[in-house]
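Here's the structure, in structure tokens; my notes come after.
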Amino acid sequence: AEKYYGVNPNLEYALRYLKEHKDELLEHPLGPEKLTDKVSIKYLSYNTVVGSRKWESHEIFTDVQYMLKGNERIGFNPAEHMVSAVKQAGKDQILHDGNGDRIRVPEGYFIVLFPGEAHMSKLADGFVAEAVRKVSFKVQL
């Protein structure tokens, strides 16, 4: 995590929060929580999906996704390599069609997804859906 500290103070805040509170995150109630004016966290629990979902990217927010329990794959591709881009009204979300790599994010690891990086989360790590717990930070750089 320390490798990212110099990128932006808000990203550093999120990663330090993750490091300092890692042991408490699994017991925290599900749902969103605002940490600062520029950093929020969402506590998630779901079953991963075998197959595909919609690709998305952001213009403003960086995602930091940390696997508390279980493993998943996250699709990744620079947004400019996607086939289409449809901005969602009133949201920092652009939906895409296209293909990309699927990066394995095992339990205890995180991935940072910057603006302009299309991603598809919640994908099964194999051919069977798995119950996972995860935290997802939204960080305004």
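The values are calculated or read from the model by the stated rules, or taken from the named source; none is laboratory data. Quick caveat: nothing in here was measured; it's all calculated off a predicted structure. Note that we place each Cβ from the backbone using ideal geometry, even for glycine, and neighbour counts take in every protein chain shown. What goes into the accessible areas is simple: the full protein's heavy atoms, side chains included, and nothing from ligands, DNA or RNA. Shrake-Rupley method; radii C 1.70, N 1.55, O 1.52, S 1.80 Å.
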* To do: Count, please, the residues in region 56-79 that happen to be within 12 Å of the chain's Cα centre (by Cα) and farther than 14 Å from Val105 by Cβ.
  => 5
* Considering only region 51-83, how many residues are open to solvent by 40 Å² or more (accessible area, probe 1.4 Å) and farther than 12 Å from Met120 by Cα? -> 7
* Please tell me if Tyr5 is closer than 16 Å to Leu113 by Cα and free of Cβ contacts under 8 Å to residues at least 24 places away in the same chain. => yes
* strands (runs of 3 or more DSSP E) wholly inside region 95-141 that include at least 1 residues being under 15 Å from Lys54 (Cβ atoms) and open to solvent by 40 Å² or more (accessible area, probe 1.4 Å) -> 101-105, 117-123
